[in-house]
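Engineer: Questions regarding the structure given below will be posed in turn.
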Amino acid sequence: MLDKKPVDLTVPSAARMYDWLLGGSNNFDVDKVACQLLLEAAPTTKALALNNRWFLERVVRVLAEEHGIRQFIDFGSGLPTQNNVHQIAQAVDPSSRVVYVDNDPVVLGYGKSLLDENDRTAIVGSDMADTEFIFNHPEFEHLINLDEPAAALFVSVLHCLPDAAKPGALVRRVIDKLKPGSFVVICHLVSDSSRLRSQVTDLMLELTHGNWGRVRTESDVHGYFQGLDVKRPGLVDVTDWRPDSDLRQRQRSIEWTEYGGLAEIPEE
């Protein structure tokens, strides 16, 4: 369950840092400074953040248009920005329902005010690993029917969990609660460079006072998809996941990438 506490403006958060990298305004000086330090270690991180956001837009649209998904659960959703999950899904079908999950107090404050007027969208304040609390939350139960297919989104969030939190086990718990024919979206920060993985992981742990996980490898991400039916074009740098714009495709990150894709939960 979410431990309600005031915002500590002396400590950056991954959600607000991501907002700054996307050009948002829902962040503080401490987040900007943290991002500048991160950019010194990985200068193309802004491109990485943009690529990740565009991937989210594309994959939600594909789920809604091509697979008929009308229920979305966005784990570690982050701060509201343009083209949020509910806006993309409801543009395809206004009856689409979305539950966002996050534990950042700033995310919850902005999210609740933004979503108050949308009765098919809610935000649940919780650690994303607390699946029992999330799936039993009244707003979740009001919007999500587990007897129908749904999509679980883990977009650029599992690297925020340390190994001790067992991110793969979290994915498996969610899969076990969803109906076959549901979908899972995962993308994760990865790098082939052990030096960069260590450098960025250490930096983020220091900046967030331990509220982070680690940069992992493509092999780690493949493990999260075990037993799932991965859809085309497979597991890739998300820049290459069904790109709809050559201009966007050219904006690549170099030092590290968001790696992942879309998969369906098969019949047992």
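Engineer: Is it the case that region 44-53 has a residue that's in contact with a His (Cβ under 9 Å, 6 or more places away or on another chain) and either under 29 Å from Leu178 (Cβ atoms) or among the aromatic types (Phe, Trp, Tyr) (or both)?
Structural biologist: No: region 44-53 contains no residue that is in contact with a His (Cβ under 9 Å, 6 or more places away or on another chain) and either under 29 Å from Leu178 (Cβ atoms) or among the aromatic types (Phe, Trp, Tyr) (or both).
Engineer: Then there is this: Only one of these is at pLDDT below 95 and either closer than 15 Å to Val98 by Cα or crowded, with 22+ Cβ neighbours inside 10 Å (or both): Leu189, Leu114. Name it.
Structural biologist: Only one candidate qualifies: Leu114.
Matching residues to (1) within 20 Å of the chain's Cα centre (by Cα); (2) not aliphatic (A, V, I, L, M):
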residue	(1), (2)
Leu22	yes, no
Asn27	yes, yes
Gln36	no, yes
Thr45	yes, yes
Val85	yes, no
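Engineer: Got a sec? Which of Leu79, Leu56 is within 14 Å of the chain's Cα centre (by Cα) and either assigned to a loop (DSSP other than H, G, I, E, B) or surrounded by fewer than 18 Cβ atoms within 10 Å (Cβ to Cβ) (or both)?
Structural biologist: Within the list Leu79, Leu56, the selection yields Leu79.
Engineer: From the list Val62, Val98, Val106, exactly one residue is farther than 17 Å from Asp19 by Cβ, in contact with a Lys or Arg (Cβ under 8 Å, 6 or more places away or on another chain), in a helix (DSSP H, G or I) and touching a residue at least 12 places away in the same chain (Cβ under 8 Å). Which is it?
Structural biologist: The match here is Val62.
Engineer: Anything in region 110-149 that is under 24 Å from Thr81 (Cα atoms), of a type in the set (A, V, I, L, M), without any contact (Cβ under 8 Å) to a residue 60 or more places away in the chain and part of a loop (DSSP other than H, G, I, E, B)? List them, or say none.
Structural biologist: Met128, Ala129
Engineer: OK, next. Looking at the structure I just gave you, is Val101 crowded, with 19+ Cβ neighbours inside 10 Å, in contact with a Leu (Cβ under 8 Å, 6 or more places away or on another chain) and under 30 Å from Cys35 (Cα atoms)?
Structural biologist: In short, no.
The values are calculated or read from the model by the stated rules, or taken from the named source; none is laboratory data. Because the structure is predicted, anything quoted here is derived from the model rather than measured. Because the Cβ atoms are built from the backbone with ideal geometry, glycine has one as well, and the counts that use them run over all protein chains shown.
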